[in-house]
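The values are calculated or read from the model by the stated rules, or taken from the named source; none is laboratory data. All values reported here derive from a predicted model rather than from experimental measurement. Every residue, glycine among them, receives a Cβ derived from its backbone with ideal geometry; neighbour counts consider all protein chains shown.
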Amino acid sequence: MKPEMLQVQQYLNVHPILEKNATVKEKYVSLISHFVSEHKNKDLWCKQALRLYCDRIIGDGFEIKKENIKDLSLFKQFKFFKYRYYLLTDCLFIASYDNQKKGQKVLESIINFYGERYRKKMECAFNAFYSVNDDLFTKTFPELKAIYSIIWNNRLFIGSPLKKIMITANMSAGKSTLINALAGKKVNKTQNDTCTAKLHYLYNKAGEDNYSCEYDHDLELDASLDILMTDNDENDSTDIAVGTRFRSVMEIDKHVCFVDTPGVNSSMDKTHREMSNEAIKSADCDLLLYLFNGENIGSDDDIRHLKFVKDNYDGNIIFLVNRLDHYKKDVDSVSDTLTKVINDLKKIGFLNPTVYPISAYAGYLGKMALYGERLSEDEEDDFDYVKRKLSRDEFSYEKHYPINVNLECKDKDIGELLLHSGILSLEKILYQ
């Protein structure tokens, strides 16, 4: 399956069929299933998109009975004239989103069902579906504007240049926590979870639809936390891909993908290091983020990996120092640590290295709190701790970045925590 499909925003949340009674919903979904099945489209997207429609329009676990779609005459008494253009749109979205030639066959089937007198308007909707804007269409069908605006934005977003950002680190540096902080939600396993030797690709979606999707041998368009945190044993490839809308204090409209590599000093499996090294050597990214554990600066593992990066990667690099908020007043110094890291990098051969501090955990907790996500008791305690700690001038990490962030946040305290954590400054640099 094309990874672009993981970046598609669903429009189900604004679909008018959601307001109808159960009988109408079941007939409508049965019609969709009929036209989709008629063209024998059995790819993963088609199968799971239809599953999502069943679950969200009717209810989890609803199964369409085969006898209900064998004979088209079953629907003669209930042709859904009011919803015929929604029906066409849904069938195109499910069966032929990125295949206009296949979509033409879907169009002809639906015209054959409703009658030739609707051809002109059906073709108008068809052409609009595969375009990126159509003012005449929205004037003709104002009721479809909300849905088609999402479809057009999907096409514009996915058609824009993709920025790939690879993240590498040793174990316990907080790499997965940084991924979760950048996403603004938990989508990646942290150090407390068992991790496998996989490359995790995290794509920003074109818009917020409140669905996270995952392609891990199977495709899930509404992946639960349990699914996101559990690797599929049937996946014999090296990749797992997730699509979700990134959340921050501002909309993140950048077409971006983060590539999370396995920790290179895993004591459990040397294939972690081998896979990460191969990914770095491939240079298949626009930017590399190297994350340090601020409590273990200058370790042999870091020196070894830094030398490998220096010898095998020629692209842009940002070095991030995490976990500095564990430092003690008058004992440790954030500024001194950053200076030491810069000097160590220069000794290895990095010229004018870019080094910033970050509190990935504070960024993650802040975003979870901002969006009303439930925190565990331990996370609540940690949240209170980092709010106090990062309010001190020594731990205001944003001052170490070369850009200013204009903070606009509905919750001032959380906004200041996110600012001091460095996550907002980092995002501004990454997405500019």
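Given the options T140, T168, name the one that is surrounded by 18 or more Cβ atoms within 10 Å (Cβ to Cβ), touching a residue at least 12 places away in the same chain (Cβ under 8 Å) and of a type in the set (S, T, Y).
Numbers: T140 fails: surrounded by 18 or more Cβ atoms within 10 Å (Cβ to Cβ).
The match here is T168.
Identify the single condition in (1) among the basic types (K, R); (2) in a loop (DSSP other than H, G, I, E, B); (3) crowded, with 17+ Cβ neighbours inside 10 Å that K387 does not satisfy, given that it satisfies every other one.
(2)
Out of all the residues in the stretch 21-33, which are within 16 Å of T89 (Cβ to Cβ) and in contact with a Phe, Trp or Tyr (Cβ under 8 Å, 6 or more places away or on another chain)? Steps first, please.
Taking the stretch 21-33 and keeping what is within 16 Å of T89 (Cβ to Cβ), we get 28-29, 31-33.
Listed by number, the residues that qualify are Y28, V29, L31, I32.
Given the condition farther than 17 Å from K82 by Cα, surrounded by 20 or more Cβ atoms within 10 Å (Cβ to Cβ) and at pLDDT 90 or above, answer yes or no: does some residue in the stretch 12-31 qualify?
Yes, there is a match, as at least one residue in the stretch 12-31 is farther than 17 Å from K82 by Cα, surrounded by 20 or more Cβ atoms within 10 Å (Cβ to Cβ) and at pLDDT 90 or above.
Quick test for you: out of A197, A206, pick the one residue that is among the small types (G, A, S), part of a loop (DSSP other than H, G, I, E, B), modelled with pLDDT of 95 or more and over 12 Å from Y361 (Cα atoms). Explain how you work it out, then say what you get.
Numbers: A197 fails: modelled with pLDDT of 95 or more.
On inspection, the qualifying residue turns out to be A206.
Hey, among the residues in the stretch 342-384 that are without any contact (Cβ under 8 Å) to a residue 24 or more places away in the chain and closer than 23 Å to N316 by Cβ, which one's surrounded by the most Cβ atoms within 10 Å (Cβ to Cβ)?
Ranking the candidates gives I342 first.
Considering only residues that are in a loop (DSSP other than H, G, I, E, B) and surrounded by 12 or more Cβ atoms within 10 Å (Cβ to Cβ), look in the stretch 322-341 and name the one that is modelled with the highest pLDDT. Explain how you work it out, then say what you get.
Pass one, the stretch 322-341, residues in a loop (DSSP other than H, G, I, E, B): 323, 327-333.
Cutting the leftovers down to surrounded by 12 or more Cβ atoms within 10 Å (Cβ to Cβ) gives us 323, 327, 332-333.
Numbers: R323: 95, Y327: 89, D332: 83, S333: 91.
Ranking the candidates gives R323 first.
Which pairs do you get when a residue that is closer than 20 Å to G103 by Cβ, found in the stretch 20-49, comes within reach of a residue that is of a type outside the set (A, V, I, L, M, F, W, C) and part of a helix (DSSP H, G or I), reach meaning Cβ atoms under 7 angstrom, with the pair 6+ apart or on two chains?
If the second residue must be of a type outside the set (A, V, I, L, M, F, W, C) and part of a helix (DSSP H, G or I), the pairs left are Y28/Y83; V29/Y53; I32/Y53; I32/D90; F35/S109; E38/S109; H39/K102; H39/K105.
Among the listed residues D284, D311, D269, which satisfies the condition of being part of a helix (DSSP H, G or I) and either at pLDDT 90 or above or out of contact with any His (no Cβ under 9 Å at 6 or more places or on another chain) (or both)? Don't jump to the end; show me each part of the working.
Details: D284 fails: part of a helix (DSSP H, G or I); D269 fails: part of a helix (DSSP H, G or I).
One residue alone meets the criteria, D311.
Which of the numbered conditions does D260 fail, given that it passes all the others? Conditions: (1) at pLDDT below 85; (2) among the acidic types (D, E); (3) surrounded by 17 or more Cβ atoms within 10 Å (Cβ to Cβ).
Exception for D260: condition (1).
Residue by residue through the stretch 149-172, note down the ones that are more than 30 Å from S299 (Cα to Cα) and among the small types (G, A, S).
Looking only at the stretch 149-172, we keep the residues that are more than 30 Å from S299 (Cα to Cα), and these are 149-163.
Hits for the stretch 149-172 are S149, G159, S160.
Can you name every residue in the stretch 395-416 that is surrounded by 14 or more Cβ atoms within 10 Å (Cβ to Cβ) and of a type in the set (V, I, T)?
V405, I414
Within the stretch 50-62, restricting attention to residues that are touching an Asp or Glu at 6+ places or on another chain (Cβ under 9 Å) and of a type in the set (A, V, I, L, M), which residue is farthest from N99 (Cα to Cα)?
I58
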